[in-house]
Amino acid sequence: MNKLFVGIANAAEAGHHAPVATIFGIEISSYTTSMWLVMALLIGVSFLATRDLKWFASGLQNFLELVVEKLLNFLSEVMGEEKARKYFPYLATVFIFILVMNYCSLLPGSGTISWLTTPTSTLSVTVGLALCTFSVTHFFGIKEKGLSYFKHFFQPYPFLFPLNIVEEIVKPLSLSLRLFGNIFGEKMIGMTLFSMIPLIVPLPAYFLGILFGAIQAYVFTLLSAIYIHTATDGHH
Amino acid sequence: MPLNGIIAIAAALAIGLSTIGPGLGQGKAASSAMEAMGRQPEAAGEIRTSLILALAFMEALTIFGLLIAFMLVGNIN
């Protein structure tokens, strides 16, 4: 069992660089700095776009409005207009954040510059995101339904309680492993192809990377939306 | 060292075998979804959403196999 964890640690840390910096004894890895870069980018773009809001939007503001509208439409299809508006801040943030983090691997120098890499290609980041969804789901469930939220652990039959618990634990596990496995696998395929033939040949892998990055962000948001929807769904 | 060879074969089998089932399942799901889209083009959006959801659940099985393969490869010394 111990060897298993060493193995998964090796796999997760393959291509891991030495910590970039140390602040108050906490090691800052390249994944953290890349996430800071993504955060700075998102905050900067949103700030620039909303600094001078106009009724008839154009340029950057127009683009962001399009993104928000499309996301709202997509979430409305899954959980209904009212709920989609209510839980929009969390779900849209998760989608945009994961999408931009996945696309970090397309930046020139990603993986070779010591402070730039794909944050979602480490298990720590994806487990963190999945735990966010996990806690948010139960928080909204309890907030919406009160103590009667815990009744759904005993449905349809009380003796299925252990199975329901296992189901709840498997949700964040599969959510994080799916994102990590896809992005990490994609990165590995690109690196392997690049080390064999550096010209032209890795290109299809990168196009697939664009596709899978978007699909994984989409799937993560879709599943989070469905989990929140089922947790806050009233029995009527 | 023969142990490393056995681990390498185990890794190859882990990912190789775990692609077969989800591959068949995804093919079946995609073909049915496309048939449904052809029959009812107006419902294409809804079908696509549930198709991607179904594919993601099947994809997870392959990803577990891939992860096991990576763990095994990490044990080769």
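Tabulated data
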item: Criterion (closer than 21 Å to A:TYR103 by Cα and either out of contact with any strand residue (DSSP E or B) (no Cβ under 6 Å at 6 or more places or on another chain) or among the small types (Gly, Ala, Ser) (or both)) met by exactly one of A:ILE169, A:ILE142, A:ILE215, A:ILE226; result: A:ILE215
item: Every residue from segment A:104-122 that is aliphatic (A, V, I, L, M) and either touching a Lys or Arg at 6+ places or on another chain (Cβ under 6 Å) or in a loop (DSSP other than H, G, I, E, B) (or both); result: A:LEU107, A:ILE113, A:LEU116
item: Some residue of segment A:218-229 being more than 14 Å from chain B (Cβ to nearest Cβ) and surrounded by 20 or more Cβ atoms within 10 Å (Cβ to Cβ); result: yes
item: Residue in segment A:114-135 that is modelled with pLDDT under 90, farther than 23 Å from A:LEU41 by Cβ and of a type outside the set (Val, Ile, Thr) present; result: yes
item: Filtered residue count, segment A:24-53, keeping only those that are of a type outside the set (S, T, N, Q), modelled with pLDDT of 75 or more and over 17 Å from A:VAL67 (Cα atoms); result: 13
item: Residue count, segment A:180-221 (criterion: among the hydrophobic types (A, V, I, L, M, F, W, C) and closer than 19 Å to A:LEU116 by Cα); result: 8
item: Checklist (1) small (Gly, Ala, Ser); (2) more than 10 Å from chain A (Cβ to nearest Cβ); (3) buried (at least 16 other Cβ atoms within 10 Å of the Cβ) applied to B:ALA43, failing item; result: (3)
item: Tally, over segment B:54-69, of residues that are within 20 Å of B:ASN4 (Cβ to Cβ) and β-branched (Val, Ile, Thr); result: 1
item: Number of the condition not met by A:PRO156 [criteria: (1) assigned to a helix (DSSP H, G or I); (2) modelled with pLDDT under 85; (3) not hydroxyl-bearing (Ser, Thr, Tyr)]; result: (1)
item: Candidates A:ALA40, A:ALA49, A:ALA92, filtered to the one that is free of Cβ contacts under 8 Å to residues at least 24 places away in the same chain, buried (at least 17 other Cβ atoms within 10 Å of the Cβ) and outside any loop (DSSP other than H, G, I, E, B); result: A:ALA49
item: Every residue from segment A:151-200 that is of a type outside the set (A, V, I, L, M), within 26 Å of the chain's Cα centre (by Cα) and more than 14 Å from chain B (Cβ to nearest Cβ); result: A:ASN164, A:GLU168, A:GLY190
item: Number of the exception - A:ASN2 against (1) within 26 Å of B:LEU67 (Cβ to Cβ); (2) at pLDDT 80 or above; (3) polar (S, T, N, Q); result: (2)
item: Pair list, Cβ under 9 Å, 6 or more apart: segment A:203-226 residue farther than 12 Å from B:ILE52 by Cβ, other residue buried (at least 17 other Cβ atoms within 10 Å of the Cβ) and of a type in the set (Lys, Arg); result: A:GLY209/A:LYS187; A:ALA225/A:LYS83
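This table checks each residue for (1) outside any helix (DSSP H, G or I); (2) within 13 Å of another protein chain (Cβ to nearest Cβ); (3) within 13 Å of the chain's Cα centre (by Cα).
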site: B:ILE7; (1), (2), (3): no, yes, no
site: B:LEU17; (1), (2), (3): no, no, yes
site: B:GLY23; (1), (2), (3): no, no, yes
site: B:GLY27; (1), (2), (3): no, no, yes
site: B:MET37; (1), (2), (3): no, no, no
site: B:ARG48; (1), (2), (3): no, yes, no
site: B:LEU61; (1), (2), (3): no, yes, yes
site: B:GLY65; (1), (2), (3): no, yes, yes
site: B:MET71; (1), (2), (3): no, yes, no
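Let's see how each residue does on (1) over 24 Å from A:LEU173 (Cα atoms); (2) among the polar types (S, T, N, Q); (3) surrounded by fewer than 20 Cβ atoms within 10 Å (Cβ to Cβ):
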{"site": "A:GLY109", "(1), (2), (3)": "yes, no, yes"}
{"site": "A:PRO119", "(1), (2), (3)": "no, no, no"}
{"site": "A:THR122", "(1), (2), (3)": "no, yes, no"}
{"site": "A:LEU129", "(1), (2), (3)": "no, no, no"}
{"site": "A:CYS132", "(1), (2), (3)": "no, no, yes"}
{"site": "A:VAL136", "(1), (2), (3)": "no, no, yes"}
{"site": "A:GLY146", "(1), (2), (3)": "yes, no, yes"}
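Residue-by-condition table, conditions (1) in contact (Cβ under 8 Å) with a residue 24 or more places away in the chain; (2) polar (S, T, N, Q); (3) exposed (fewer than 12 other Cβ atoms within 10 Å of the Cβ):
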position: B:PRO2; (1), (2), (3): no, no, yes
position: B:ILE15; (1), (2), (3): yes, no, no
position: B:ILE52; (1), (2), (3): no, no, no
position: B:LEU61; (1), (2), (3): yes, no, no
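The values are calculated or read from the model by the stated rules, or taken from the named source; none is laboratory data. Because the structure is predicted, anything quoted here is derived from the model rather than measured. FYI the Cβ positions are ideal-geometry reconstructions off the backbone, even for glycines, and counts take in every protein chain you see.
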